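Note sheet for the following structure.
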Amino acid sequence: GERNLRGVINRLLRVTPGEWPKLVHFGLLGFLLQMGLGIGFAAGDAAFLAHAGASRLALIFMMTPAVMLLYTGIFSYLLVRFSIDRVVDITVALLVVGGLIWATLLGHGFPARYELPVYIGLKLYLAMWYIALYSLFWNYTDSYFNIQDGKRLFPLLAAATALGTTFGGLIVHELAGRISLHSFFLIWAAIALVTIPVALRLRHRFARIADSE
């Protein structure tokens, strides 16, 4: 009965039994990255609207393309200069450091005249990571799955990332009013820290497509 159930699930999801470990590892990586981002976005957006106001969103929309252009250039350079594994390491390290910096800044306060620039900076920081983590995760995933496997499995990985974003938002919803704003960025940093061993285990257990050919 249990074997038949597993067979039905595998056929329904179009996953072969041997693919589950790899799928779970990448799904967990995407889940953690997006859960942290979901926490940062939900908390950061609420703080931006409260301190900068919805009228400032137009400014953010105009500045976001510049952030995208800057990140694209940096990301392209890093991919040429380092392996995708090393870029993942750098990214996760920056998530940890960035979370700690924002937690410190928001937790200790700053002069009122700097409030608007700080919250605009926070919103652009979040916009950068929205672009960066999306690009990084799918580039990384693409280096471990061939085209045929990717077509079958990427919808499941996309579901894992969407679930991570949802969980991040739920965490903020449940804890809002109980903990301060800066604490959410500490949680984001902690989640990024937990992501490190997941990424390390993944690369040691599975070979990149280029390395296995």
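The values are calculated or read from the model by the stated rules, or taken from the named source; none is laboratory data. Keep in mind it's a predicted model, so treat the numbers as computed, not measured. Because the Cβ atoms are built from the backbone with ideal geometry, glycine has one as well, and the counts that use them run over all protein chains shown. All accessible areas refer to the heavy atoms of the entire protein, side chains included, with ligands and DNA or RNA removed. Shrake-Rupley method; radii C 1.70, N 1.55, O 1.52, S 1.80 Å.
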Take the residues in region 50-62 that are open to solvent by 70 Å² or more (accessible area, probe 1.4 Å) and farther than 13 Å from Leu116 by Cβ, then tell me which one is modelled with the lowest pLDDT. Phe61
Could you figure out which of (1) surrounded by 14 or more Cβ atoms within 10 Å (Cβ to Cβ); (2) over 13 Å from the mean Cα position of the chain (by Cα); (3) under 21 Å from Ala199 (Cα atoms); (4) of a type outside the set (D, E, K, R) isn't true of Thr91? (2)
Among the residues of region 133-151, what is the count of those that are assigned to a helix (DSSP H, G or I) and open to solvent by less than 50 Å² (accessible area, probe 1.4 Å)? 8
Here are some residues: Ala46, Ala42, Ala58, Ala52. Which one is within 26 Å of Leu100 (Cα to Cα) and more than 22 Å from the chain's Cα centre (by Cα)? Ala52
Which of the residues spanning region 172-212 are over 24 Å from Val24 (Cβ atoms) and either in contact with a Cys (Cβ under 7 Å, 6 or more places away or on another chain) or open to solvent by 80 Å² or more (accessible area, probe 1.4 Å) (or both)? His173, Glu174, Gly177, Arg178
Going by the structure shown, is Phe41 over 22 Å from Ala160 (Cα atoms) and assigned to a helix (DSSP H, G or I)? no
Report, by residue number, each residue of region 1-27 that is open to solvent by 20 Å² or more (accessible area, probe 1.4 Å) and touching a Ser or Thr at 6+ places or on another chain (Cβ under 9 Å). Asn10
Report yes if some residue within region 46-60 is out of contact with any Phe, Trp or Tyr (no Cβ under 9 Å at 6 or more places or on another chain) and either within 23 Å of Val194 (Cα to Cα) or acidic (Asp, Glu) (or both); otherwise report no. no
Options Val80, Val67: the member that is buried (at least 17 other Cβ atoms within 10 Å of the Cβ), more than 24 Å from Val194 (Cα to Cα) and β-branched (Val, Ile, Thr): Val67
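Rundown of residues vs (1) open to solvent by 40 Å² or more (accessible area, probe 1.4 Å); (2) assigned to a helix (DSSP H, G or I); (3) more than 27 Å from Phe61 (Cβ to Cβ); (4) in contact (Cβ under 8 Å) with a residue 60 or more places away in the chain, yes/no style:
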{"position": "Gly99", "(1), (2), (3), (4)": "no, yes, no, yes"}
{"position": "Ala103", "(1), (2), (3), (4)": "no, yes, no, yes"}
{"position": "Leu106", "(1), (2), (3), (4)": "no, yes, no, yes"}
{"position": "Gly121", "(1), (2), (3), (4)": "no, yes, no, no"}
{"position": "Ala127", "(1), (2), (3), (4)": "no, yes, no, yes"}
{"position": "Ile131", "(1), (2), (3), (4)": "no, yes, no, yes"}
{"position": "Phe154", "(1), (2), (3), (4)": "yes, yes, yes, no"}
{"position": "Thr161", "(1), (2), (3), (4)": "no, yes, no, yes"}
{"position": "Leu170", "(1), (2), (3), (4)": "yes, yes, no, no"}
Sole miss for Val88 among (1) in contact (Cβ under 8 Å) with a residue 40 or more places away in the chain; (2) under 20 Å from Ala42 (Cβ atoms) is condition (2)
Could you grab me the full set of residues in region 172-213 that are in a helix (DSSP H, G or I), within 30 Å of Ile147 (Cβ to Cβ) and of a type in the set (D, E, K, R)? Arg201, Arg203, Arg205, Asp211
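Suppose the filter is under 29 Å from Pro155 (Cβ atoms) and free of Cβ contacts under 8 Å to residues at least 24 places away in the same chain; does Thr16 pass it? Write out each step before concluding.
Numbers: under 29 Å from Pro155 (Cβ atoms): yes; free of Cβ contacts under 8 Å to residues at least 24 places away in the same chain: yes.
In short, yes.
Residues Gly168, Gly150, Gly109: which one is at pLDDT below 90 and either over 24 Å from Phe48 (Cα atoms) or within 18 Å of the chain's Cα centre (by Cα) (or both)?
Gly150
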